[in-house]
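Notes follow once the structure below has been shown.
The values are calculated or read from the model by the stated rules, or taken from the named source; none is laboratory data. None of the values given here were measured: they were computed from a predicted structure. Glycine gets a Cβ as well: all are built from the backbone with ideal geometry, and neighbour counts include every protein chain shown. What goes into the accessible areas is simple: the full protein's heavy atoms, side chains included, and nothing from ligands, DNA or RNA. Shrake-Rupley method; radii C 1.70, N 1.55, O 1.52, S 1.80 Å.
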Amino acid sequence: HALPADAVRHLQAAGDWPAAARLLADHSSDIIIRIGRNLNVVYASPAVDQLGLRPEELIGTRLLRLVAEEDQEEASSRRDRLLNAETPLALPPRQLRMRHADGHYIWFEAADQVIPGPDGSMQDIVIHLRNVETRRAMEEELRLKRAEAEAAMAVKSEFLANMSHEIRTPLTAIVGF
């Protein structure tokens with residue numbers, strides 16, 4: 001998504017930071033979701049189209065319904081840590097799978113943070129989801145290539161050990177004469 005330059009200049013001049021934040025979120029290629037105290041989605045950026053959804057389809061629903069069953073326990077635990085924190089908290093990113101509207105799963109890196117209200121208590125949670133499918137595929141390919149290289153090195157080492165033994169035996173006999 002491209003951010004219109006004239007819109008950025010207008011917001012900078014007006015000092016309208018809530019609108020600027022909304023404009024940036026609306027034009028981010030990463031999914032940005034805001035969850036209210038009742039745990040329902042109150043904002044979803046247009047990038048949710050990566051999940052085959054429109055933002056209005058998420059508003060008022062629970063995001064956890066899209067998280068893969070295997071990742072739900074950790075996601076719930078992290079949400080509870082954020083909700084029960086005495087001070088605003090940002091947890092380190094973690095990877096999880098989210099269900100696309102057509103049923104397949106996509107890997108995302110999720111970073112979540114509490115947005116404090118005026119009294120300092122938790123007002124909302126903002127979740128930033130970055131699609132890491134490509135990165136995970138490259139990491140898997142790299143892992144496979146490394147395993148192949150290690151197997152090739154083992155074969156080479158075994159071959160050299162056998163060859164040095166096979167050459168040493170006749171050489172020992174020749175030297176002995």
- Task: Say whether the condition of being assigned to a helix (DSSP H, G or I), modelled with pLDDT of 90 or more and closer than 15 Å to Arg130 by Cα is met by at least one residue in segment 40-47.
- Result: yes
- Check off (1) among the acidic types (Asp, Glu); (2) open to solvent by less than 80 Å² (accessible area, probe 1.4 Å); (3) farther than 30 Å from Arg54 by Cβ for Asp112 and give me the number that stays unchecked. (3)
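Could you please find all residues in segment 30-68 being open to solvent by 70 Å² or more (accessible area, probe 1.4 Å) and free of Cβ contacts under 8 Å to residues at least 60 places away in the same chain?
First, the residues of segment 30-68 that are open to solvent by 70 Å² or more (accessible area, probe 1.4 Å): 34, 37-38, 42, 49, 54, 56-57, 59, 62, 65.
Across segment 30-68, the qualifying residues are Asn38, Asp49, Arg54, Glu56, Glu57, Ile59, Arg62, Arg65.
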- Only unsatisfied item for Arg94, checking (1) open to solvent by less than 80 Å² (accessible area, probe 1.4 Å); (2) at pLDDT below 85, is (2)
- Look at Glu70 and say whether it is at pLDDT 90 or above and within 18 Å of Val126 (Cβ to Cβ). no
- Unmet requirement for Ile115, which otherwise passes all of (1) closer than 23 Å to Ala47 by Cα; (2) free of Cβ contacts under 8 Å to residues at least 40 places away in the same chain: (2)
- Item | Positions within segment 76-88 being in contact (Cβ under 8 Å) with a residue 24 or more places away in the chain and open to solvent by less than 50 Å² (accessible area, probe 1.4 Å), in sequence order | Arg78, Leu82, Leu83, Ala85
